[in-house]
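**Student:** Input: one structure, supplied below.
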Amino acid sequence: EAQVTQNPRYLITVTGKKLTVTCSQNMNHEYMSWYRQDPGLGLRQIYYSMNVEVTDKGDVPEGYKVSRKEKRNFPLILESPSPNQTSLYFCASSSAQAPQVYGYTFGSGTRLTVV
Amino acid sequence: AQSVAQPEDQVNVAEGNPLTVKCTYSVSGNPYLFWYVQYPNRGLQFLLKYITGDNLVKGSYGFEAEFNKSQTSFHLKKPSALVSDSALYFCAVRAETGGFKTIFGAGTRLFVKA
């Protein structure tokens, strides 16, 4: 089954304790992205990657890191989490094979609480 | 800069009635427009997209959307609502020349009453 897999689904952590949220897709998609979802704000892009070793900042990158060492994986790293990073996080992927235009395939989400 | 507005936080409709969820956008150049649906405790699911061509696009679960260039709108519609359509709906826009950057609206919660 074509899918984007995120882990963990739920995470409660303490301020300052480094954490990683994993994201893996099995569709050979070139493009991957991380979003956070907050009430009334919709989805805001954190980081994205056009392909292996190619990453760039989205609209709200502060406090986050990413890497793209393999095409299928795109982990989100919070080096020193703070309470304002409490949110629902989504990983998404898409084919980048022009000229077709594709929508995203989303993971099931990771609900992070930083206390 | 790209932007998306969903003017209604919530839309209430009776089962069997037609529904409309509104979306307006701002983008430089031609837009690529998308609708996604989010059910509780789930990720977003792609519903439909407008790239070019016919202004009325059909998608999953009987939904359709109408692109109106002069009004910069892309409203989601369904002729007959189902209780199971109750969910959170997101409109999104991507500029034709803007790479893959996609901007999402804040979302509209659809509540269909039996």
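The values are calculated or read from the model by the stated rules, or taken from the named source; none is laboratory data. These figures come from a predicted structure and were not determined experimentally. Don't worry about glycine lacking a Cβ; one is built from the backbone with ideal geometry, like all the others, and counts go over all protein chains shown. To get the accessible areas, we keep the full protein, side chains included, count just its heavy atoms, and leave off ligands, DNA and RNA. Shrake-Rupley method; radii C 1.70, N 1.55, O 1.52, S 1.80 Å.
**Student:** Within 10 Å of each Cβ in B:28-37, how many Cβ atoms from other chains are there, averaged over the peptide?
**Tutor:** On the way: counts 0, 0, 0, 0, 3, 0, 4, 1, 5, 0.
Per-residue shielding by partner chains comes out at 1.
**Student:** Taking only C-alpha pairs under 8 Å that are 6+ residues apart, what is the relative contact order of chain B in percent?
**Tutor:** That works out to 38 percent.
**Student:** On to the next question. Quick one: which residues, 5+ away or cross-chain, put their amide H under 5 Å from the amide H of residue B:11? H built at 1.01 Å from N.
**Tutor:** Result for residue B:11 returns B:109, B:110, B:111.
**Student:** For a test of the definition: using alpha carbon positions, the gyration tensor, and the 1.5 limit on a/c, classify segment A:71-115 as rounded, prolate or oblate. Provide the component values of the computation, followed by the final result.
**Tutor:** Numbers: a/c = 3.53, a/b = 2.50, b/c = 1.41.
Note, shape of segment A:71-115 comes out prolate.
**Student:** Given the options A:77, A:12, A:46, state which has the largest fluctuation in a GNM of chain A using a 10 Å cut-off (strictly under) for Cα springs.
**Tutor:** A:12
**Student:** What is the mean number of Cβ atoms from other protein chains located within 10 Å of the Cβ atom of each residue in peptide B:83-93, rounded to a whole number?
**Tutor:** 1
**Student:** Which percent of Cα-Cα pairs in chain B sits in each 5 Å bin, short to long?
**Tutor:** Going from the shortest bin to the longest, the percentages are 2, 13, 24, 26, 19, 10, 5, 2, 0.
**Student:** Take every Cα pair under 8 Å in chain A that's 6+ residues apart, average their separations, divide by the length, and report that relative contact order as a whole percent.
**Tutor:** 36 percent
**Student:** Shifting gears a bit: At what distance in nm do the modelled label points of residue B:3 and residue B:97 sit from each other, each positioned 7 Å from its Cα along Cα→Cβ?
**Tutor:** 2.1 nm
**Student:** At 1.4 Å probe size, with no ligands or nucleic acids counted, give the accessible surface of residue B:9 in Å², nearest ten.
**Tutor:** Here the residue's solvent-accessible area equals roughly 130 Å².
**Student:** Also, quick follow-up: Compute the Rg to Rh ratio over segment B:69-114 from the alpha carbon atoms, using the Kirkwood formula for Rh, and round to two decimal places. The partial results should precede the final answer.
**Tutor:** Numbers: Rg = 13.8 Å, Rh = 12.8 Å.
Result: Rg/Rh = 1.08.
**Student:** Over segment A:25-93, what per residue volume does the convex hull of the Cα atoms give, in whole Å³?
**Tutor:** Per-residue hull volume (Cα only) is 79 Å³.
**Student:** Also, quick follow-up: Counting pairs on different chains as well as pairs 8 or more places apart, how many Lys pairs in the protein assembly as shown have Cα atoms under 17 Å apart?
**Tutor:** 20
**Student:** Within segment B:56-96, whose backbone N sits under 20 Å from a point 7 Å along Cα→Cβ of residue B:14?
**Tutor:** B:78-87
**Student:** Distance in nm between label sites at residue A:18 and residue B:66, each 7 Å beyond Cα in the beta-carbon direction?
**Tutor:** Here the modelled spin labels are 5.5 nm apart.
**Student:** Could you give the distance between the Cα centres of segment A:72-115 and segment B:55-114, to the whole Å?
**Tutor:** Computed from Cα coordinates, the inter-centre distance equals 21 Å.
**Student:** Between beta-carbons, use under 14 Å as the cut-off and find the net charge around residue A:107, counting Lys and Arg +1, Asp and Glu -1.
**Tutor:** +4
**Student:** Within 12 Å, Cβ to Cβ, of residue B:103, how many net charges do the neighbouring residues add up to if Lys/Arg are +1 and Asp/Glu are -1?
**Tutor:** Once all neighbours under 12 Å are counted, the net charge is +2.
**Student:** May I pose another question? Over segment B:1-51, what relative contact order in percent results from Cα pairs under 8 Å that are six or more residues apart?
**Tutor:** 31 percent
**Student:** Could you compute the FRET efficiency for residue A:44 and residue B:84, with r as their C-beta to C-beta distance and R0 at 35 Å, rounded to 0.05? Walk me through the numbers before you get to the answer.
**Tutor:** On the way: r = 29 Å, r/R0 = 0.82.
Calculated transfer efficiency: 0.75.
**Student:** Taking only the Cα atoms of chain A, how large is their convex hull per residue, in Å³?
**Tutor:** Given the Cα convex hull of chain A, per-residue volume reads 99 Å³.
**Student:** Given N residues in the protein assembly as shown, what is its alpha carbon radius of gyration divided by 2.2 N^0.38 Å? Present the calculation step by step, with values, prior to reporting the outcome.
**Tutor:** Working: Rg = 17.6 Å, N = 229, 2.2 N^0.38 = 17.3 Å.
Normalised Rg, Cα atoms only: 1.01.
**Student:** Right, here's the next one. Rule-of-thumb check for segment B:1-52: C-alpha Rg over 2.2 N^0.38 Å?
**Tutor:** Working: Rg = 13.4 Å, N = 52, 2.2 N^0.38 = 9.9 Å.
Segment B:1-52 yields a ratio of 1.35.
**Student:** Per residue of B:100-111, count partner chain C-beta atoms within 10 Å of its C-beta, then hand back the mean as an integer.
**Tutor:** Per residue, the number of nearby Cβ atoms from other chains is 5 on average.
**Student:** Another question, then. GNM, chain A, Cα, under 10 Å: largest mean-square fluctuation among A:102, A:31, A:47?
**Tutor:** Evaluated over chain A, the most mobile residue of the options is A:102.
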